[in-house]
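Single-structure report; data block below.
The values are calculated or read from the model by the stated rules, or taken from the named source; none is laboratory data. The structure displayed is predicted, hence computed values, not measured ones. Every residue, glycine as well, gets a Cβ built from its backbone with ideal geometry; the counts of neighbours run over all protein chains shown. Please note that ligands, DNA and RNA were not included when accessible areas were found on the heavy atoms of the full protein model with its side chains. Shrake-Rupley method; radii C 1.70, N 1.55, O 1.52, S 1.80 Å.
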Amino acid sequence: MAMTPEELQVLQRIENQLNSMPFYVVEYIRSKKRAGLSADTLLQYLYRYQHFFQWLLRENLTGTTEISSIPYSVLAEMKKQDIELYIEFLKEESITHENNSVKRRGPAVITLSVNALKSLFNYLTKETETEDGESYFYRNVMSKIVLHTKKETANRRAQKISSVILNEHEINDFLQFIDHAYEATLASGLARQRFNRDKERDLAILSLFLGSGIRLGETARILVKKINLKKQLIDIKRKGAKEDTVRVMNQAIQHLKAYLGIRESRYPGSKEVPFLFVTLYGGTVRPLSRRAIENLVTKYTAAFAQGEGMSPHKLRHSFAADFIRNGGSIVLLRDQLGHSNIETTSLYTNLSNKDNEQILTRMEENRLKH
């Protein structure tokens, strides 16, 4: 199985983290890897476990001085109040950033920490097995922990997204801008030279986001041999290492053809790289990283908007909204986007629904008549 340099790096970081972890965390990670949980998620969980265990040591709750020596009996005996104190610590701890600014942890990291611990405790109390066939322990204190997050209606979430995506008219204008007008915005000859080298590749990437709705990670992992230009299909790897086939709009297929036509001449040595999107670094061809793809999306969308750029996820939102706007069903969109839960997909029915706005406009017009 082909792996990008980024994926290999994540796996190496996981192994490095496991060196200092208790044996039951190592078992958990191995088990979840076999079950298909993404390496990125597992690495983030390990960072959260590292922080949690360090807190346990500082609070003298372990009876040991090494993280690797913390027995699971410590977790089994933890009280609800202990976990609540840890969550309070997460919220109040000051984090010093590279520029020496001090900030508090955001709600997303706190939620991630709690979810990571819930997953670990769930594994230890339900999926482990001693020589006697029993779980390591049965008292799951994390099952008593409920995070009270701010609630939003589907309509509110849709309104927030709709303000930062490309509408149906802007999608084509954006691609035309890259093709015909972007070069004129560049000041230096070197920047223009680099743009012209990468133009077909970058257009293919942008067009693929807008013509299929696939995710950033899925885009970075596309293999050349998995593209069927004739049938307009691409085999991709979804979250959880699930294999899937996604249909691509014709405009994106044409941009892909143009890129594949120059790929080997523009990026010498790319024939030996199985991944579709490549770059030259120090004269060596290598797969384009997720960070590099994200940066180029932000760069081009900022130039188009003459303001703040967008993320690849916003281009995915743009595709989804346009899909519903043009009569696509929510079930078809769920499959196209690779959602496991149709409730996630239902967001886009609110996002593309203009009936509410039109009705309110008519109400106002009628009131002004009287």
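Can you tell me which residue among Ser135, Ser113, Ser119 is at pLDDT 95 or above and assigned to a loop (DSSP other than H, G, I, E, B)? Only one candidate passes the filter, namely Ser135. Within the range 6-30, if we keep just the residues that are charged (D, E, K, R) and touching a residue at least 24 places away in the same chain (Cβ under 8 Å), the residue that is farthest from Tyr72 (Cα to Cα) turns out to be Glu6.
Residues in the range 5-25 that are open to solvent by 70 Å² or more (accessible area, probe 1.4 Å), modelled with pLDDT of 95 or more and either in a helix (DSSP H, G or I) or farther than 14 Å from Glu66 by Cβ (or both): Gln12, Arg13, Asn16, Phe23. Considering the range 268-354, the qualifying helices (runs of 4 or more DSSP H), each wholly inside and each with 2 or more residues that are touching a residue at least 40 places away in the same chain (Cβ under 8 Å), run over 290-305, 312-325, 330-337, 347-351. Applying a threshold of 8 Å to beta carbon distances and a minimum spacing of six or more residues, or different chains, the list of pairs starting in the range 31-60 at a residue that is assigned to a helix (DSSP H, G or I) and ending at one that is open to solvent by 80 Å² or more (accessible area, probe 1.4 Å) reads Ser31/Glu127; Ala39/Lys33; Leu42/Lys33; Leu43/Arg13; Leu57/Thr65. So for the range 64-75 (the condition being in contact with a Ser or Thr (Cβ under 6 Å, 6 or more places away or on another chain), modelled with pLDDT of 95 or more, hydrophobic (A, V, I, L, M, F, W, C) and outside any helix (DSSP H, G or I)), does at least one residue qualify? Yes, the range 64-75 contains a residue that is in contact with a Ser or Thr (Cβ under 6 Å, 6 or more places away or on another chain), modelled with pLDDT of 95 or more, hydrophobic (A, V, I, L, M, F, W, C) and outside any helix (DSSP H, G or I). Of the residues that sit in the range 96-110 and are open to solvent by less than 50 Å² (accessible area, probe 1.4 Å) and outside any helix (DSSP H, G or I), which one is farthest from Arg139 (Cα to Cα)? Step by step, filter the range 96-110, then rank; the result is Ser101.
Listed here are the residues, each with its yes/no results for (1) in contact with a Gly (Cβ under 7 Å, 6 or more places away or on another chain); (2) surrounded by 13 or more Cβ atoms within 10 Å (Cβ to Cβ); (3) of a type outside the set (Phe, Trp, Tyr); (4) in a helix (DSSP H, G or I).
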residue: His169; (1), (2), (3), (4): no, no, yes, yes
residue: Phe174; (1), (2), (3), (4): no, yes, no, yes
residue: Leu190; (1), (2), (3), (4): no, no, yes, yes
residue: Gln193; (1), (2), (3), (4): no, no, yes, yes
residue: Glu200; (1), (2), (3), (4): no, yes, yes, yes
residue: Leu203; (1), (2), (3), (4): no, yes, yes, yes
residue: Lys225; (1), (2), (3), (4): no, no, yes, yes
residue: Lys231; (1), (2), (3), (4): no, no, yes, no
residue: Gly240; (1), (2), (3), (4): yes, no, yes, yes
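Tallying residues that are over 25 Å from the mean Cα position of the chain (by Cα), of a type in the set (D, E, K, R) and open to solvent by 30 Å² or more (accessible area, probe 1.4 Å) within the range 242-273 yields 5.
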